[in-house]
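Note sheet for the following structure.
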Amino acid sequence: MIAILGSGAFGTALAISLAQNGGDILLWAQDPDHVAEMRNTRQNTRRLPGPRLPDNILLTDDIGALPADIPALISVPMQTLRGFLDDHGATLGARPFVACCKGIDLETHLGPAETIARHAPDALPAILTGPSFATDIATGLPTALTLACADDDAGKTLQQSLTTPNLRIYRSTDTTGAELGGALKNVIAIACGASIGLGLGDSARAALMTRGFAEMQRLALKRGARPETLMGLSGFGDLALTCTSELSRNYRHGLALGRGEDVDPMITVEGVATARAVTEWAAELAIDMPICATVADLCAGHLSAAEALQTLLSRPLKEE
Ligand SMILES: NC(=O)C1=CN([C@@H]2O[C@H](COP(=O)(O)OP(=O)(O)OC[C@H]3O[C@@H](n4cnc5c(N)ncnc54)[C@H](OP(=O)(O)O)[C@@H]3O)[C@@H](O)[C@H]2O)C=CC1
Ligand SMILES: O=C(CO)COP(=O)(O)O
């Protein structure tokens, strides 16, 4: 049995895929009405309308009822992870906690696996990340993800249990590289969306992706990440997906800003808070992150998309 805590689009998609392996999947939502709705309709109409929830997905709002020892996949937005762990970490006790979110905490500047290590000290922290749209996973399209866990034996066990016929899991011990790649690519996706929204074309987007990747590497390597992790699914792979697809909420958020359209504050767009967190953090570490800083200003309304473009284009010329 595997528990998935958080019934958003991603948690639900993972539950549907993992259910193919035959064992029971416990899917927890914080709202009892949401649980009742999913039980009655066998669909998650609020967050992932369409795909049917197989019968071996057991729905619950009782987090205290989780069997001991089974891994808990935590699929809540990054800015709520710390509060979730403070509320439920002790109840969940010692077991693998697999973070399924992407971002950097605004207050602590920690990524998901680091947040688990700090706020749920009894848990074994791991992270599941990489290029994957919830709708692709839920509809059975082939998807490859990285499972990073510093304890390689525990990582191997998780890799086995999270692999499904359509979900191919690669393993890493570099949790820092995996969590920073997943967090930072969302910020660059907002920049790419904005450039397309402004009508700047595909060449400008390729430049932003490349220079954005240079920023991702700069910060991650300084934090001790391994270069090959950044080149892998959780870094380059997810950057490529998110910067080029309108299925991405981060990319669509940027598109709207570029076009001067309103954005919906109820949609989970992890790159907005992460842009701010990473800009503050990079300043503390004296790392140059001009694209991330410009995205932070754009999202905060301090710059228009056209001004953001001008900010980047007017920077002093430098060696690549
Ligand atoms: N969607 C995707 O394609 C992918 C998403 N991810 C990552 O997964 C994470 C979650 O995203 P996603 O599932 O899309 O988000 P959604 O917006 O679809 O759903 C967020 C879910 O989190 C729940 N939630 C929010 N705060 C809490 C809390 N404090 N305690 C318990 N539950 C809470 C919400 O519950 P409620 O409805 O009650 O508010 C909701 O069910 C993000 O970090 C995202 O980057 C990763 C890969 C793919
Ligand atoms: O992380 C994702 C794809 O890997 C999902 O991207 P969005 O959160 O931008 O929709």
**Item:** Odd one out for Arg276, checked against (1) crowded, with 16+ Cβ neighbours inside 10 Å; (2) under 19 Å from Asp202 (Cβ atoms)
**Value:** (2)
**Request:** Kindly indicate the residue of region 264-320 that is of a type in the set (Ser, Thr, Tyr) and in contact with a Pro (Cβ under 9 Å, 6 or more places away or on another chain) and also nearest to ligand 2 (Cβ to nearest atom) among those meeting that condition.
**Result:** Thr268
**Item:** Of all residues making up region 29-60, the number that are more than 10 Å from ligand 1 (Cβ to nearest atom) and charged (D, E, K, R)
**Value:** 5
**Prompt:** Can you find even one residue in region 41-59 that is of a type outside the set (Lys, Arg), more than 16 Å from ligand 2 (Cβ to nearest atom), under 21 Å from Cys149 (Cα atoms) and part of a helix (DSSP H, G or I)?
**Reply:** no
**Prompt:** Being surrounded by fewer than 24 Cβ atoms within 10 Å (Cβ to Cβ) and either in the same structural domain as Pro125 (by the TED database) or closer than 27 Å to Leu106 by Cβ (or both), is that true of even one residue in region 177-195?
**Reply:** no
**Complete:** Ser132 vs (1) assigned to a helix (DSSP H, G or I); (2) hydroxyl-bearing (Ser, Thr, Tyr); (3) under 22 Å from Met266 (Cα atoms): all pass except (1)
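Residues checked against (1) more than 22 Å from Ala220 (Cα to Cα); (2) touching a strand residue (DSSP E or B) at 6+ places or on another chain (Cβ under 6 Å):
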{"residue": "Ala99", "(1), (2)": "no, yes"}
{"residue": "Leu106", "(1), (2)": "no, no"}
{"residue": "Asp122", "(1), (2)": "yes, no"}
{"residue": "Thr143", "(1), (2)": "yes, yes"}
**Asked** Could we say that Phe97 is among the aromatic types (Phe, Trp, Tyr), away from ligand 2 (no atom under 13 Å from the Cβ) and not in a strand (DSSP E or B) here?
**Response** no
**Request:** Check Pro77 against each of (1) under 29 Å from Ser234 (Cβ atoms); (2) out of contact with any helix residue (DSSP H, G or I) (no Cβ under 6 Å at 6 or more places or on another chain); (3) more than 16 Å from ligand 1 (Cβ to nearest atom) and name the one condition it does not meet.
**Result:** (3)
**Request:** Taking Leu128 as the residue in question, decide whether it is among the aliphatic types (A, V, I, L, M), touching a Gly at 6+ places or on another chain (Cβ under 8 Å), within 27 Å of Arg276 (Cα to Cα) and within 13 Å of ligand 2 (Cβ to nearest atom).
**Result:** no
**Message:** If Asp69 meets every condition in (1) modelled with pLDDT of 95 or more; (2) more than 24 Å from Phe133 (Cα to Cα) apart from one, which number is that one?
**Reply:** (1)
**Asked** With respect to Glu215, is the statement that it is of a type outside the set (A, V, I, L, M) and farther than 23 Å from Asp174 by Cα true?
**Response** no
**Request:** Could you tell me which residue of region 130-160 is farthest from ligand 1 (Cβ to nearest atom), considering only residues that are surrounded by fewer than 21 Cβ atoms within 10 Å (Cβ to Cβ) and farther than 24 Å from Gly111 by Cα?
**Result:** Gln160
**Message:** Considering only residues that are in contact with a strand residue (DSSP E or B) (Cβ under 9 Å, 6 or more places away or on another chain) and either over 18 Å from Asp61 (Cα atoms) or surrounded by fewer than 15 Cβ atoms within 10 Å (Cβ to Cβ) (or both), which ones fall in region 22-39?
**Reply:** Gly23, Ala36, Arg39
**Item:** Selected residue (criterion: nearest to the chain's Cα centre (by Cα)) from residues of region 250-268 that are within 14 Å of ligand 1 (Cβ to nearest atom) and buried (at least 23 other Cβ atoms within 10 Å of the Cβ)
**Value:** Asn250
**Message:** Cβ contacts < 6 Å: first residue touching a residue at least 24 places away in the same chain (Cβ under 8 Å), restricted to region 9-34; second residue within 16 Å of ligand 2 (Cβ to nearest atom) and assigned to a helix (DSSP H, G or I), any location; separation 6+ or different chain. Result?
**Reply:** Ala9/Ala134; Phe10/Ala134; Ala13/Ala134; Ala13/Ile137; Ala13/Ala138; Ile16/Ala138; Ser17/Ile137
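The values are calculated or read from the model by the stated rules, or taken from the named source; none is laboratory data. All values derive from a computational prediction rather than experimental measurement. Here Cβ is always computed from backbone atoms with ideal geometry, including for glycine, and neighbour counts include all displayed protein chains.
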